[in-house]
Amino acid sequence: MHPSKVDRNLLTQLTDLPNIGKACAADLQLLGISKPQQLVGVDPYALYELLCLKTGVRHDPCMIDTFISITRFMNGEEAKPWWTYTAERKQSVSSSTKIK
């Protein structure tokens, strides 16, 4: 389903979220998230770090973009494709790794 067609009030399954298929839903379940409503107020960067920690693998940073898209959506923003957040993630990761 196109992200702009998703109604957060009708979501019952993780795969109902924009940008989430079966594989991402399985990743979220591994993190203890079984319902879309559990994403309200969650830090997408923390989700990514926890996923990497639990799986023992450094996942593609695009997962952060996906996590940003679904947490923002569940916090009330309009649904957008995950790649909308790539530049923001790159800026955030770049600025957080600079030596101060």
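The values are calculated or read from the model by the stated rules, or taken from the named source; none is laboratory data. Given the structure is predicted, the values throughout are model-derived calculations rather than measurements. Neighbour counts are summed over all protein chains in view; Cβ atoms, including those assigned to glycine, are modelled from backbone coordinates with ideal geometry.
Odds and ends about this structure:
- Residue count for segment 27-51, restricted to those that are assigned to a loop (DSSP other than H, G, I, E, B) and of a type outside the set (D, E, K, R): 7
- Unique residue being in a helix (DSSP H, G or I), surrounded by 12 or more Cβ atoms within 10 Å (Cβ to Cβ), basic (Lys, Arg) and modelled with pLDDT of 95 or more when the list is Lys90, Lys54: Lys54
Residue-wise test of (1) aromatic (Phe, Trp, Tyr); (2) within 21 Å of Arg89 (Cα to Cα); (3) touching a residue at least 40 places away in the same chain (Cβ under 8 Å).
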| position | (1), (2), (3) |
| --- | --- |
| Cys24 | no, yes, yes |
| Leu28 | no, yes, no |
| Leu50 | no, yes, no |
| Thr55 | no, no, no |
| Ile70 | no, yes, yes |
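- Output for segment 57-68, where each listed residue is over 20 Å from Lys35 (Cβ atoms), of a type in the set (A, V, I, L, M, F, W, C) and either surrounded by 15 or more Cβ atoms within 10 Å (Cβ to Cβ) or touching a residue at least 12 places away in the same chain (Cβ under 8 Å) (or both): Cys62, Ile64
- Look at segment 1-12: where a residue is over 16 Å from Arg72 (Cα atoms) and assigned to a loop (DSSP other than H, G, I, E, B), no partner that is among the β-branched types (Val, Ile, Thr) and modelled with pLDDT of 65 or more sits 6+ places away or on another chain with Cβ atoms under 9 Å.
- Checking Gly41 against (1) at pLDDT below 95; (2) small (Gly, Ala, Ser); (3) exposed (fewer than 15 other Cβ atoms within 10 Å of the Cβ), the condition it does not meet: (1)
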